[in-house]
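Only the coordinates and a few stated rules stand behind these numbers; no lab work does. Predicted model only: the values in this text are computed from it and were never measured. Positions of Cβ are generated from backbone atoms using ideal geometry, with glycine treated the same way; all protein chains shown enter the neighbour counts.
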Amino acid sequence: MSKEDEKGNIYNQMAWILNYQPNIEHQHIYMGKKDGRDDSPGEDSNDDNEPLKNFIFISDLFKTNDRLIKLRNTIAAAIDMGDDTKKYGEPQEKRLDPSVKCNWFYIQKALIEAGLTKSKSDEAFVEQMVEWYPQLFTTNPEEQFEDMKRRYAKSISEERKHWKKPDTKIEVKLVDMWHENMGKILSSEKAKRIDLIVCKGLLSNLKKLKV
């Protein structure tokens with residue numbers, strides 16, 4: 001190859017690099033870890049210096065970023081955050097596994113029963129959680145953000161159906177779940193964990209934020 005040909009190839013490569021702009025949608029969605037490190041583009045979204053986005057919470061209760069940060073950290077304390085645990089402050093002794101999609105129902109229910117949300121939409125709740133904790137959510141190959149959101153929302157909806165009384169279709173409250181369960185919906189061990197983590201832990205702590 002002549003020097004002129006080599007020079008031409010170099011110019012072509014430089015032009016390709018400069019003009020290449022990958023079209024990636026929803027870059028804040030967590031795509032998994034490599035070598036135990038969180039490489040998600042949204043990993044800095046939890047920086048306390050950045051204003052947190054509020055999609056579902058009552059604005060009058062959370063007028064400042066400090067209040068939103070406190071709420072975010074209170075929710076995180078009930079979730080197994082893995083390597084990010086210290087980022088959100090002191091965790092509860094027992095925590096929910098975020099990889100079990102139906103567990104998000106109990107977090108959403110605690111927020112609703114605490115009177116902190118202006119929306120009861122499952123998809124809006126999922127979008128809020130992804131915004132605040134992107135590292136906890138994974139997408140399937142070739143899956144778009146909206147598909148992932150609907151997948152998690154469906155799990156939440158299906159779990160809710162288990163807790164509606166057959167005669168009245170009214171949802172069982174968190175405080176009554178331990179009594180109502182009786183091994184019918186959850187194993188006794190999981191029902192006890194839900195009661196401890198969500199009812200006695202998360203719900204109690206969320207109610208304090210209304211004071």
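Points worth noting:
- Residues that are in contact (Cβ under 8 Å) with a residue 40 or more places away in the chain and touching a helix residue (DSSP H, G or I) at 6+ places or on another chain (Cβ under 6 Å), drawn from region 67-80: ARG72, THR74, ALA76, ALA78
- Restricted to region 98-211, the set of helices (runs of 4 or more DSSP H) holding at least 2 residues that are within 30 Å of LYS63 (Cβ to Cβ) and in contact with a helix residue (DSSP H, G or I) (Cβ under 7 Å, 6 or more places away or on another chain) comprises 103-113, 122-132, 145-162, 174-181, 204-208.
- Here LEU71, LEU61, LEU52 are screened, and the one residue that is assigned to a helix (DSSP H, G or I) and either more than 13 Å from the chain's Cα centre (by Cα) or within 16 Å of ALA124 (Cβ to Cβ) (or both) is LEU71.
- Candidates in region 75-97 are the residues that are in a helix (DSSP H, G or I) and not charged (D, E, K, R); of these, the one that is nearest to PHE55 (Cα to Cα) is ILE75.
- The residue pairs whose first member lies in region 177-200 and is closer than 13 Å to LEU96 by Cα, whose second member is of a type in the set (Gly, Ala, Ser) and in a helix (DSSP H, G or I), and whose beta carbons are closer than 6 Å, counting only pairs six or more residues apart or on different chains, are VAL198/ALA110.
- Taking region 82-97 as the range and being surrounded by 19 or more Cβ atoms within 10 Å (Cβ to Cβ) and either farther than 22 Å from LYS207 by Cα or among the polar types (S, T, N, Q) (or both) as the test, only GLN92 passes.
- Residues within region 169-185 that are under 24 Å from the mean Cα position of the chain (by Cα), closer than 21 Å to LEU111 by Cα and hydrophobic (A, V, I, L, M, F, W, C), tallied: 4
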